[in-house]
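Right, one structure below, let's go through it.
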Amino acid sequence: MTGGAGPVPTRGFTGRIAAGARDRRLPPGQYDAHDAFPVLSAEVTPELAAEDWTFRIDGLVAEPRTWTWDEARALPPGRYEGPIHCVTSWSKLHTVFDGVSLDTFLGEVRPLPTATHVVAYAHTGYTTNLPLSDLVSGRAWIAFDFDGKPLTPAHGGPARLLVPHLYFWKSAKWIAGLRLVDRDEPGFWERNGYHHRGDPWAEERYAGD
Ligand SMILES: Nc1nc2c(c(=O)[nH]1)N[C@H]1C(S)=C(S)[C@@H](COP(=O)(O)O)O[C@H]1N2
Ligand SMILES: [Mo]
């Protein structure tokens, strides 16, 4: 650059900045799917009636336990309102899920001090691993309703795990249980190259990110 005026943005360049102004609620590389709610399933949607659904927590806990649908629904209700982020790049900025906080379930089984990680597993066999610390302190739920209506089977009904601060593959649909363990064991997508934790703000998409 030899002139005194310095670089002057062209109209085209200014326009691109305006069009591309990023919504700060969107993590890097994500777009807002607005009203769309894509279905992403590695399995065929199971026919799982509420009365056949159970949720178990075992492994490194003081008192392993299984809840039936009625028992889980009788627990104090919890709500999540906020965004969800799929690793394939769609996000939904405003969602409302109703269910029960995992703090409530974990309070009943009492994790042992040696428990550091969790393998979440679905009634279909899908698994995903998470640090136990990501499932406590009001950041994870067993969700029964989306947008005020029962979760549809395709979206994990009658119940799914919801861990919205991590990429959505951690939110196992048709959740069957959590096994508390003392090491990080990769689940279905993690064995296939996805990141063990999956923080959307750190773009932890693939192993090594
Ligand atoms: N059981 C099960 N849970 C799952 C999946 C799956 O294939 N099977 N896919 C995960 C992925 S990659 C995403 S993005 C979300 C998709 O949830 P949705 O279909 O309700 O949008 O579910 C997650 N939980
Ligand atoms: Mo996903």
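The values are calculated or read from the model by the stated rules, or taken from the named source; none is laboratory data. Predicted, not measured: the structure shown is a model, and the values here were computed from it. For neighbour counting, all protein chains shown are included, and Cβ atoms are generated from backbone atoms with ideal geometry for every residue, glycine included. Surface areas here come from the heavy atoms of the whole protein model, side chains and all, with no ligands, DNA or RNA. Shrake-Rupley method; radii C 1.70, N 1.55, O 1.52, S 1.80 Å.
What the table below lists for this structure:
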read-out: Members of segment 147-181 found to be buried (at least 20 other Cβ atoms within 10 Å of the Cβ), within 25 Å of Glu204 (Cβ to Cβ) and away from ligand 2 (no atom under 16 Å from the Cβ), listed by number; value: Gly177, Leu178, Arg179, Leu180
read-out: The lone exception for Arg56 - which of (1) closer than 22 Å to Ala154 by Cβ; (2) open to solvent by 80 Å² or more (accessible area, probe 1.4 Å); (3) touching a strand residue (DSSP E or B) at 6+ places or on another chain (Cβ under 6 Å) it fails; value: (1)
read-out: Flag for Pro77 being within 16 Å of ligand 1 (Cβ to nearest atom) and either modelled with pLDDT of 95 or more or of a type outside the set (S, T, N, Q) (or both); value: no
read-out: Residue check for Gly177: more than 11 Å from ligand 1 (Cβ to nearest atom) and not in a helix (DSSP H, G or I); value: yes
